[in-house]
Each structure stands twice: as structure tokens, then as C-alpha cells.
Amino acid sequence: MLAGLRQQTRGPRRLELIGTSSKTTVGVAWCLSVFSSVTFYIGFVYMVSWLQIADGIPPSRALEINTFSMVVSLPVLIAAGWLSDRVGRKPLMLLASMGGVIGALPLFWLLNHPSELLAQLGQLGLVVLMGLYYGALPATLVEAAPPTVRCTTVALGYNLCLGLFGGLSPLVATWLVERTGDEIAPAFLIMAAAAVTFVTLFTLRETYRAPFGADPRTTAAK
């Protein structure tokens, strides 16, 4: 019986997966993930090397700054996830992505300073932006995808974006610094990614009060 059910649904689901709606969902997941991907890789993966080269901070101290920021990000993520269940996903994500557009340059100005305290404050600013956004992102990705192809579309959109845009961000940031001679040039990558995500959020309906199994295409805006 189960085999028969699988056989009956396999064809329609494959057709739905390659349909226009699913391709759009993958694209939306990609655009929603680009801000968090770029900010994480620039703000944490690339930052340790950048602090040493741009600020002359010793490797051990750069690692301490980065580790402390990552520890602080944990309660920020949890608090943002809790808050998104009460006020909605979009307000937090819009606030964080707008903060990425407006605040990336000032935060990199703090980071690009010989004072270790100011560098720490600058990275903590990125922690707040990333934590607010990441706290609401997983639920948003799931709720934005049709239930029948949810796992596949979210996995493709998120992981391709994280691997390509996130993984290549340190390489592009290094090229930008060398090309422009401006040590805070990586901030423009965060700003560009935040702008893409900010615009994409306006195409989504708020779904935090919708039933988990509801199709977002038929969910009324709250």
C-alpha cells in the first residue's frame, strides 16, 4: 500500500519540483539567504585574518575577539527566534537587513581601528545584525516553501547560496581590498547582500501565525 502511494505521488511531486513555482521558491530562498551567508563568512570566517592584516592585531587576540563574538551570538540567535514567534519574521529580518545596508560601513570603521576594544565592538555589531536575521531565517525559509517540495527547495536555495556566495565572500573581499586599496571594502559586499535580501522580503507574506502545513501561496497576509 505504501509503495502504491509513493508511486502515485512521485510523478506529480517531480513535476511540481521542476515547475515555475518551485523554481521561484528556490530563488526566494537564495535571496533570503544571501545576507546571512555573506555576513557570516565576512564577519567571522574572514574577519580573523582581516584583523591581523588591517589592524595588526596578534593572531591569538584576533581569535579571542572572534570567539567571544560567536559566543555572544548564541543568546542573540535564541532571543531573535523567540521574538519572531511573537512579533513576526519580517519585522526582525527587515530591521537586520536594513541595518546591513546602513550599518556595515560604520561597523567596519570600528573594526578598522588599532584599538582592540573598538574592533570587538564592531564585530559585536555584526553579531547583532546576523543574530537578528538568522534567528528568524530557518522558520521563514520553511514557511515560504510549498509543503510538497519544502525540503528540496529550501535545501537547494540555502545551501547553494551558502556555498557559492558565502564561501566565495572571503576571496572576493580579499580581491576588493587589494584592488581598491581600501581596507573596509568588504563592507560593500555586506551592503549589497543586505540590499538584495531587503527587497526580497517585501515579496513575502507574513506567515508566523499560519499553520505549519499551510501552503504559503494560499496564506493570506497578516
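We did not get these values from a lab; they are worked out from the coordinates using the rules stated. Bear in mind the structure is a predicted one, so any value in this text is a computation, not a measurement. Because the Cβ atoms are built from the backbone with ideal geometry, glycine has one as well, and the counts that use them run over all protein chains shown.
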### Query
Going by how many other beta carbons lie within 10 Å of each one, how would you line up LEU51, LEU92, fewest first?
LEU92, LEU51
## Note on the structure
Shape call for segment 61-120, from the Cα gyration tensor axes a ≥ b ≥ c (a/c under 1.5 means rounded, otherwise prolate when a/b beats b/c, else oblate), comes out oblate
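Assuming a ≥ b ≥ c are the square roots of the Cα gyration tensor eigenvalues, decide whether segment 30-203 counts as rounded (a/c under 1.5), prolate (otherwise, with a/b larger than b/c) or oblate. Can you show the working numbers first?
On the way: a/c = 2.04, a/b = 1.62, b/c = 1.26.
Verdict is prolate for segment 30-203.
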### Query
So, in nm, how far is label TRP109 from label ARG61 when the simple model puts each one 7 Å beyond its Cα toward the Cβ?
2.3 nm
### Query
How far is it, in nm, from the label point at MET98 to the one at LEU171 when both lie 7 Å from their Cα along the line to the Cβ?
3.5 nm
### Task
Run the quick spin-label model on GLU116 and THR148: label points 7 Å from Cα toward the beta carbon, then report their separation in nm to one decimal.
5.8 nm
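Output the Kirkwood hydrodynamic radius of segment 135-176, Cα pairs only, in Å rounded to one decimal. Display every interim value, and only then the final one.
Values: mean 1/r = 0.0865 Å⁻¹.
In segment 135-176 this quantity evaluates to 11.6 Å.
Determine, for MET70, MET98, MET47, MET93, the number of other Cβ atoms within 10 Å of each Cβ, and report the residues in order from fewest to most.
Values: MET70 13, MET98 16, MET47 24, MET93 27.
With the sparsest Cβ surroundings first, the list reads MET70, MET98, MET47, MET93.
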